[in-house]
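Trainee: Let me begin by handing over the structure; questions about it come next.
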Amino acid sequence: MTTELKPRTSEVNGKLWGSRAQDWADIQEATVRAVYEEVLEQLAVGGRTKFLDAGCGSGLAASLAEALGAEVFGIDASDPLLEIAEELSPESNFRKGDLEELPYKDNQFDLVTGFNSFQYAGNPSAALAEAKRVTKPSGRVVIMTWGEPEGMEAAQVITALKPLLPPPPKDAPGPFALSDEAKLREFASSAGLEPLEVFDVESPWFYSDSETAVRGLMSAGTAAKPIEVLGEDVVAKAFAKALEPFEQEGGSISIDATFRCLIAKP
């Protein structure tokens, strides 16, 4: 009998993504709201939809689905983020757990989404295979990742921090590893899913000022380790420098960002 040595999501990400949960909920998660809305519209989420957001974070996507009348479930590795999600969507069902071992029955959901979550799992392939397992044969799985980084302003901000980032878990894709459509489709196929449509969604990042933008960027789990190792001031200065080209008249910040979504069926 062999033992799986790869870390699970809660071991890798629970503390990282929950370290600045309120800033994530108040500032950063809204930067991808346009993607959530587009996915929910394309999949016709409504009163008959049983929906699971795998890696639900502070629950913005869940709240949008709940407002559409869906029966909503969410799972995440972070207690602080889940507490916010429960306050935002009191009628939804949230649980703490691993994406690699979802606490749900086979063929349970009409739609399972992984909004920038599968690639950050301790074991991405296992996480996606679990999403397939809990999806009905007639249902759909959606993988959201970053769009192509070339020419994307948000990618410039992310890569500006690259020298400060810890190495990702072994075999785990980096932020843009799934941006290539062929690799994204291959990732879905490797978990036993049949890739269908791939589409991009523009979701620009707007902040009232540079200080707010830095707080939002520092709330991401990918910034937690650099902050822990190098200190808050070093990371904050790196982000502030990267944001300078995107400052508008009056001090607001506007950054173009594109995300890529793949719809797949079991």
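We did not get these values from a lab; they are worked out from the coordinates using the rules stated. Model, not experiment: these values are computed from the prediction. Neighbour counts are summed over all protein chains in view; Cβ atoms, including those assigned to glycine, are modelled from backbone coordinates with ideal geometry.
Trainee: Just in segment 76-159: which GluC sites (Glu not before Pro) are loop by DSSP and have at most 12 other Cβ atoms within 10 Å?
Mentor: Details: sites: 83, 86, 87, 91, 100, 101, 130, 150, 153; in loops: 91, 100, 101, 150.
Sparse-neighbourhood loop GluC sites (Glu not before Pro): 91, 150.
Trainee: For residue 241, which lysines qualify as cross-link partners when the Cα separation must be under 17 Å and same-chain residues fewer than eight apart are set aside?
Mentor: 162
Trainee: For Cα extents along the principal axes in Å, the choices are (i) 85, 54, 27; (ii) 50, 45, 36; (iii) 50, 43, 41; which was calculated from the structure?
Mentor: Comparing each candidate, only (ii) matches the computed number.
Trainee: How much length is gained if the chain between residue 252 and residue 42 is pulled fully straight, taking 0.36 nm per residue apart and subtracting their Cα-Cα distance, in nm to one decimal?
Mentor: Values: separation 210, 0.36 × 210 = 75.60 nm, distance 3.15 nm.
Residue separation times 0.36 nm, minus the Cα-Cα distance, leaves 72.4 nm.
Trainee: Ranked highest first by average number of other Cβ atoms within 10 Å, how do 117-127, 64-74, 233-243, 251-261 line up?
Mentor: For the peptides 117-127, 64-74, 233-243, 251-261, the packing ranking is 117-127, 64-74, 251-261, 233-243.
Trainee: Nearest 20 debye, what's the magnitude of the dipole of the chain about its Cα centre given +1 on Lys and Arg Cβ and -1 on Asp and Glu Cβ? The partial results should precede the final answer.
Mentor: Working: 24 positive and 43 negative charges, 188 e Å.
Using only the charged Cβ atoms, the result is roughly 900 debye.
Trainee: Tabulate in residue order the Karplus-calculated ³J(HN,Hα) for segment 46-58, using 6.51 cos²θ - 1.76 cosθ + 1.60 with θ = phi - 60°, rounded to whole Hz; enter x for Gly and Pro.
Mentor: Once rounded to whole Hz, the list reads x, x, 9, 8, 9, 10, 10, 9, 8, x, 6, x, 8.
Trainee: Note the full-extension length gain between residue 240 and residue 88 as 0.36 nm times their separation in residues minus their Cα-Cα distance, in nm to one decimal.
Mentor: Values: separation 152, 0.36 × 152 = 54.72 nm, distance 3.02 nm.
Length gained, residue 240 through residue 88: 51.7 nm.
Trainee: Sticking with this one: Rounded to the nearest 0.05, what FRET efficiency is calculated for residue 182 and residue 159 with R0 set to 30 Å and r the Cβ-Cβ distance? Don't skip to the answer; put the middle values down first.
Mentor: Numbers: r = 22 Å, r/R0 = 0.73.
Taking R0 as 30 Å, the efficiency between residue 182 and residue 159 is 0.85.
Trainee: Mean residue ellipticity at 222 nm from the helices of the chain, using -39,500 (n - 2.57) per DSSP H segment of n ≥ 4 over the full residue count, to the nearest 500 deg cm²/dmol? Walk me through the intermediate numbers first.
Mentor: Values: 10 runs with 98 residues, N = 266.
Value at 222 nm, helices only, nearest 500: -10500 deg cm²/dmol.
Trainee: Can you tally the net charge around residue 21? Count Lys and Arg as +1, Asp and Glu as -1, for every other residue whose Cβ sits under 11 Å from the Cβ of residue 21.
Mentor: Working: positive: 15, 20; negative: 23, 26, 29, 76, 79, 83.
Once positives and negatives cancel, what remains is -4.
Trainee: Separate question: Give me the distance in nm between label points sitting 7 Å out from Cα along the Cα-to-Cβ direction at residue 197 and residue 230, one decimal.
Mentor: The two pseudo-label positions are separated by 4.0 nm.
Trainee: Over segment 75-143, what relative contact order in percent results from Cα pairs under 8 Å that are six or more residues apart?
Mentor: Details: 97 pairs, mean separation 22.8, N = 69.
Over segment 75-143, the number comes to 33 percent.
Trainee: What distance in nm separates the two pseudo spin-label positions at residue 138 and residue 34, each 7 Å out from Cα along the beta-carbon direction?
Mentor: My value for the distance between the label points is 3.4 nm.
Trainee: As an exercise, identify the GluC sites (Glu not before Pro) in segment 200-266 lying in DSSP coil whose Cβ has no more than 14 other Cβ atoms within 10 Å.
Mentor: On the way: sites: 202, 211, 228, 232, 247, 249; in loops: 249.
Passing sites in segment 200-266 are 249.
Trainee: Normalising by the residue count of segment 52-109, find the relative contact order in percent from Cα pairs under 8 Å and 6+ residues apart.
Mentor: On the way: 97 pairs, mean separation 20.3, N = 58.
Here the relative contact order equals 35 percent.
Trainee: Next question, about the same structure. Which whole-number percentage describes the relative contact order of the chain, with Cα contacts under 8 Å and a sequence gap of 6 or more? Please list the in-between numbers first.
Mentor: On the way: 564 pairs, mean separation 60.8, N = 266.
Relative contact order of the chain: 23 percent.
Trainee: Counting only DSSP beta bridges with both residues in the chain, what percent are antiparallel, rounded to the nearest 5? Numbers along the way, then the final one.
Mentor: Numbers: 17 of 35 bridges.
Around 50 percent antiparallel, to the nearest 5.
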